[in-house]
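Have a look at the structure below, then the notes.
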Amino acid sequence: MGLPHIPDKLSDDDKSAPRIFNYVQLRRLTLKESLAILHRCLESTVKKIDDDAARYIAIRSGGFPYFLHQLGYDAFQSDKDDVIEADDVSNGLFKSLIQFERMFFGKMYKSVEGKQKQKIVDELARHANQPKKAAELEQTLHIKNVHQYLKALESDGLVERARGRFRLVSDLLAIYISLFKAAPQAGSDVEAPPWEEEIDAEILDRNEPEPGEDNPA
């Protein structure tokens, strides 16, 4: 599935799950692997995908196979001229987010609602998921001992570290929260995620296996 926190969540819901299921740990895909998968999936069809659209899907998937599949599927379904372009990805995105809400995001967000952790999650989503230092979050949100909440969010699979800073584990989660959950602060606009994000591509590229390392994907 490519969502590493899911086995723990299943175990919380059903203590017998570890005995029933066999889990295969998949690391997150690299940008190169994600792009290759998108193009390979279209080889047996008449459709093509332009470079900008493919890169957007690959980066926004965050290297998670399930997200890559759903974004690609909804863009494929939205296309009408056999060339998947930026507009097709944008048109399919809403359908993808609804699916992600049903499968993951709704429950994930509900777990932090009404708590200090919600303020942190909303703040990260509000700024297009740009990584922020703990001190920045503490100063902006007036939350004391913010590290304890960040640590809990990491354990819950909502937040990850990037260059010593913190960001939501998925840009798609940030987009979902910005559009459906977080109320914009007075006098500020929710920042729309840009088409290309250097930090996102770097995170995907960090998942490149070392020379000689087997590729589990």
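The values are calculated or read from the model by the stated rules, or taken from the named source; none is laboratory data. What you see is a predicted model; the values in this text were computed from it and never measured. Cβ atoms come from the backbone with ideal geometry, glycine included; neighbour counts cover every protein chain shown.
With respect to (1) at pLDDT 95 or above; (2) surrounded by fewer than 22 Cβ atoms within 10 Å (Cβ to Cβ); (3) of a type in the set (Gly, Ala, Ser), the lone exception for GLY72 is condition (2). The set of residues in the range 37-59 that are aliphatic (A, V, I, L, M), surrounded by 14 or more Cβ atoms within 10 Å (Cβ to Cβ) and out of contact with any Leu (no Cβ under 8 Å at 6 or more places or on another chain) comprises LEU42, ALA53. Applying the selection to the range 143-178, what residues are under 25 Å from SER90 (Cα atoms) and either modelled with pLDDT under 90 or of a type in the set (Ser, Thr, Tyr) (or both)? The answer is SER170, TYR176, SER178. Residues in the range 93-114 that are free of Cβ contacts under 8 Å to residues at least 24 places away in the same chain and more than 16 Å from the chain's Cα centre (by Cα) were compared, and the one that is surrounded by the fewest Cβ atoms within 10 Å (Cβ to Cβ) is GLY114. If you go through the range 68-92 and keep only what is in a loop (DSSP other than H, G, I, E, B) and either touching an Asp or Glu at 6+ places or on another chain (Cβ under 7 Å) or farther than 12 Å from LYS47 by Cα (or both), you end up with ASP79, GLU85.
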